[in-house]
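What follows is calculated from the coordinates using simple rules that are stated; it is not laboratory data. All values reported here derive from a predicted model rather than from experimental measurement. Note: ideal-geometry Cβ built from the backbone for every residue, glycine included; neighbour counts use all protein chains shown.
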Amino acid sequence: MYPRSFADSNGDGVGDLGGIRQHLDHLVDLGVDVVWLSPIYTSPQADNGYDISDYREIDPLFGTLDEFDLLLAEMHERGLKLVMDLVVNHTSDEHAWFQESKSSRTSPKRDWYVWRDGVDRSPRDGRTEPNLWRSAFSGPAWTQLAAADDRSINHHADNRSVDGPADNRSTDDPADNRSTDNRSTDNRSTVNRSVDDQYYLHLFAPKQPDLNWENPEVRDAIYSMMNWWLDRGVDGFRMDVINHIAKIQSDLVSDSEGFSMGPQIHEYLHEMNERVFAGREADLITVGEMPGVTVDDAKLFTGADRLELDMVFQFEHVGLDHGPASKFDNVPLDLRDLKRSLSRWQEGLADTGWNSLYLANHDQPRSVSRFGDDDEFRFESATLLATILHLHRGTPYVYQGDEIGMTNAGFASIDDYRDIESLNWFAEQREEGRDPEELLESLRFRSRDNARTPVQWTEGSEAGFTSGSPWLAVNPNAALINVHADRQSDRSIFEHYRRLIALRHSSEVVALGSYTLLEPDHPTLFAFTRTHADDSLLVVGNFSSEEFDAPVLGSGSWGRGSLVLGNYADPGEATTLRPWEARIVRRG
């Protein structure tokens, strides 16, 4: 769930905790077990909450701690678990820790972040960064302190004023219970720019400095904060880019992917498990988002005897349609590549570890626009994608709006976008002389804002999301695609999701069965079996807008099988798959 786009209860245009509470029964009706909540901590919102300035407060945009406690209680009353999105690779540059860290080279918290001296690299256009690592949001991954201070002061002049944390609550630092206004700019005046010209590392935006996990004080503070949330009743954490916390210390002067998955990563995660999760009676959930992780890596992270994570969030299958230079350079997706990727993870984690199953989230385009046909066959392709996903072995993730087939936004102007990644990429490419319409076409397909348009609840004003002006424009197709209309339809995507989730809850073969891929080289047929004990299912899907014959449906005992679930109202011909048709067949 992306809270700022889920539902707004107070008319300020931003989704909030009250809006979530108003729609909890929607989640219960769908049948989900767990809600993963994107960050709601106090933040300047440079990256929509993934830049945290106080880990122990709720941002006023979303509500208060009291409102959070009420939401958590109401979720638990309904049998829902709540997993918090935890961002501990980096903080906001407005966090009290960073404000103290940058105040002096001798600050007690200087080593809480990654600071390095510049390198004289005059043959390379005068660049002096410690190395040539690139930020995920364009530009260098290093910013010099003086330049950062100039930018931060301007940022404050242009953004809203929000009170700092209350005096009576605990700060993030377990050794420091002082009241601190994390948004204050006072600390900036203490920087001696003539002396302190070091660079700090930020693998994302300059306003997201990376924490130094090699410092045990940093780890102590993070574990203390995590325990504070678990003591409050949350049910676990989805840990953002958690494999980035272990940096590979290097003096490289060329572009490199070597910043991630340093040798300490397993040590850190095992220590986290011991210090935070071990010994608790609650059934807690730990998910690690890990860009670049392999199947073999995942076995180590999620093996039951390793005591590190329950599952990893990997990116292999959602990178298949990325161009060589950038994810914004779109290339056609070959279904055979997608089948091979998903199957590699199914087979690789069959006996050790566990899969996170997803096709969309707040960082990806809408799944029906990316992998399906969001026009003529929107219902069929949305339900096919749901079927294929939910019949894999692992834990399926349903991103808000996918349960009604929400589509990409199709914004006409760069002014419509709010995503820092999209805006930075557009500006960088324009500086290189690329055509703006060509760039906008890429954003219409790839931008993270495609997933962040407000949930379309009704056909009414602003799709029932807010009584005010939404922070990001509502998709123009909201009058056609919305929760109310879909749930009233006899072709309801929501109802298909509900049936799939119910099937997983009731069927051991879906939850635990082995996986075998069929027809790996077929360009438009995705077919596989699931087997557990004496129960077997055949799952088939037509990833095209043309019908074709699928002989596997008539072969052997499958030809005598019974249809468990499909996405067409009538059963159709025995072996003919219609456009974007999905079938689940139980062996006869």
The local net charge around residue 550, scoring Lys/Arg +1 and Asp/Glu -1 for residues other than residue 550 whose Cβ lies under 13 Å from its Cβ, equals -4
With the range 250-373 reduced to its Cα atoms and the Debye formula applied, log10 I(q)/I(0) at q = 0.19 1/Å amounts to -1.15
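Divide, for the range 513-586, the radius of gyration over alpha carbons by 2.2 N^0.38 Å, where N is the residue count.
Taking the Cα Rg and dividing by 2.2 N^0.38 Å, one obtains 1.03.
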Note to self: C-alpha centroids of the range 530-571 and the range 355-433 sit apart, in Å, by 27 Å
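What's the whole-number percent of alpha carbon pairs in the chain lying beyond 44 angstrom? Can you show the working numbers first?
Details: 31283 of 172578 pairs.
The answer is 18 percent, as a whole percent.
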Counting only DSSP loop positions in the range 351-425, the GluC sites (Glu not before Pro) whose Cβ has at most 12 other Cβ atoms within 10 Å are 376
Across the chain, qualifying lysine pairs (alpha carbons under 24 Å, at least 8 places apart or different chains) come out at 10
Here, residue 521 and residue 533, labelled 7 Å along Cα→Cβ, have an inter-label distance in nm of 3.8 nm
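First select every other residue whose beta carbon is under 12 angstrom from the beta carbon of residue 342; then total the charges, Lys and Arg +1, Asp and Glu -1. Show your work: numbers first, answer last.
Working: positive: 336, 339, 340, 344, 393; negative: 316, 337, 347.
Combined, the nearby Lys, Arg, Asp and Glu give +2.
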Largest first and rounded to whole Å, the semi-axes √(5λ) derived from the alpha carbon gyration tensor of the range 339-406 read 24, 12, 10
Footprinting proxy, 25, 374, 297: sorted fewest to most Cβ within 10 Å, the residues are 25, 297, 374
Least to most buried among 82, 423, by other C-beta atoms within 10 Å and fewest first, runs 423, 82
In whole percent, the Cα-Cα distances of the range 353-470 spread across 5 Å bins from 0 upward as 2, 11, 18, 19, 18, 14, 10, 6, 2, 0
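Under 12 Å from the Cβ of residue 28, count the other residues' Cβ atoms, weight Lys and Arg +1, Asp and Glu -1, and hand me the total. Provide the component values of the computation, followed by the final result.
On the way: positive: 78, 498; negative: 25, 29, 33, 74, 77.
Here the count lands on -3.
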